[in-house]
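Engineer: What follows is a single structure, and I will ask about it in a moment.
The values are calculated or read from the model by the stated rules, or taken from the named source; none is laboratory data. Since the structure is predicted, the reported quantities are computational estimates derived from the model, not experimental observations. Note that each Cβ is placed from the backbone with ideal geometry, even for glycine, and that neighbours are counted across all protein chains shown. Just the protein is used for accessible areas: all its heavy atoms, side chains included, with ligands, DNA and RNA removed. Shrake-Rupley method; radii C 1.70, N 1.55, O 1.52, S 1.80 Å.
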Amino acid sequence: GRIESGQIRKGQQVIFLPSNKQAEIQSIKIFGQTRIKAEEGESIGLTLIQDLDMDRGQVVGDKTNTPKITDNFKANIFVMTEQPLKVQEKIILRCATQEVECTITTIQKRLNSSTLETIEQNAQEIKLNEAGEVILKTQTPVIIENFNFIKELGRFILERGHEVVAGGIITD
């Protein structure tokens, strides 16, 4: 995986989310070389003292400073498709390596994407080239962060079928 924030060290106690599995780092590999630590921006391989079965989409964090795990969050989105994005429509959220079904429970504001002027409060849909302030509810918990803190866990796309419907950033 890739370290998006902070650093990781040999012997560190870590937690994998959303599974909540815990382990100790036995070694860190970077291009075949063993390292004692790795830092933000590096792509690494980890070996663990414990034998854990991991699924795609797990995020590793320090046990004392874990990323946020939730099924409900606020975001700003930009719609890129002819078919409007509607409240309560089932869509797919992709954030980092995570993929989960979600719905927009609330469109707090529908915005003109050029001027950022509010078109409508409490809207029912967002149209092509419009932006919106929305509340998303995921079917299962996801690991996220505010875009201003960890960009990789703070940005996402929304898909309908296999078409990208919108891009967004997590604000809260």
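Engineer: Taking every pair of distinct Cα atoms and averaging 1/r, then inverting, what Kirkwood hydrodynamic radius in Å comes out for the stretch 107-172? Mind dumping the intermediate values first?
Structural biologist: Details: mean 1/r = 0.0768 Å⁻¹.
After inverting the pairwise mean of 1/r, the radius is 13.0 Å.
Engineer: Rg (Å, one decimal) plus Dmax (Å, integer) for the alpha carbons of the chain?
Structural biologist: Cα radius of gyration and Dmax of the chain are 18.4, 56 Å respectively.
Engineer: Using amide H atoms built in the peptide plane, which far-off residues or other-chain residues are under 5 Å from V165 H to H?
Structural biologist: L158, E159, R160
Engineer: Right, something else. What nm value, rounded to one decimal, do you get for the distance between K127 and Q7 when each label is placed 7 Å out toward the C-beta?
Structural biologist: 5.3 nm
Engineer: Measure off, as a whole percent, the carbon and sulfur share of the 1.4 Å-probe accessible area of the stretch 57-158, all protein chains present.
Structural biologist: Numbers: 2410 of 5300 Å².
Of all accessible area on the stretch 57-158, carbon and sulfur atoms account for 46 percent.
Engineer: For I44, list long-range residues whose amide hydrogen, built 1.01 Å from N in the peptide plane, is under 5 Å from its own amide hydrogen.
Structural biologist: Answer set, sorted by chain and number: R2, I3.
Engineer: Compute, for M80, the solvent-accessible surface of its heavy atoms (probe 1.4 Å) with the complete set of protein chains present, and express it in square angstrom to the nearest 10.
Structural biologist: 90 Å²
Engineer: To continue, here is another question. Could you calculate, for the stretch 67-115, the ratio of the Cα radius of gyration to the Kirkwood radius, expressed as Rg to Rh?
Structural biologist: On the way: Rg = 12.2 Å, Rh = 12.7 Å.
Using only Cα positions, Rg/Rh for the stretch 67-115 is 0.96.
Engineer: If you don't mind, there's one more thing I want to ask. Tell me, what is the per residue accessible area of the chain in Å², probe radius 1.4 Å? Can you show the working numbers first?
Structural biologist: Numbers: 9710 Å² over 172 residues.
Each residue of the chain exposes 56 Å² on average to a 1.4 Å probe.
Engineer: Cβ under 13 Å from Q124's Cβ, Q124 left aside: what net charge do those residues give with Lys, Arg +1 and Asp, Glu -1?
Structural biologist: Numbers: positive: K86, K109, R110, K127; negative: E89, E120, E125, E130.
Residues close to Q124 contribute a combined charge of 0.
Engineer: So between D53 and R94, what do we pick up on full extension, going 0.36 nm a residue minus the alpha carbon distance? Provide the component values of the computation, followed by the final result.
Structural biologist: Details: separation 41, 0.36 × 41 = 14.76 nm, distance 2.22 nm.
Contour length minus Cα-Cα distance gives 12.5 nm.
Engineer: Run the dipole for the chain about the Cα centre, Lys and Arg Cβ at +1, Asp and Glu Cβ at -1, nothing else charged, and hand back the magnitude in debye, nearest 20.
Structural biologist: Numbers: 21 positive and 24 negative charges, 81 e Å.
About 380 debye.
Engineer: Size of the stretch 51-136 along its principal axes in angstrom, Cα-based, largest extent first?
Structural biologist: 53, 26, 21
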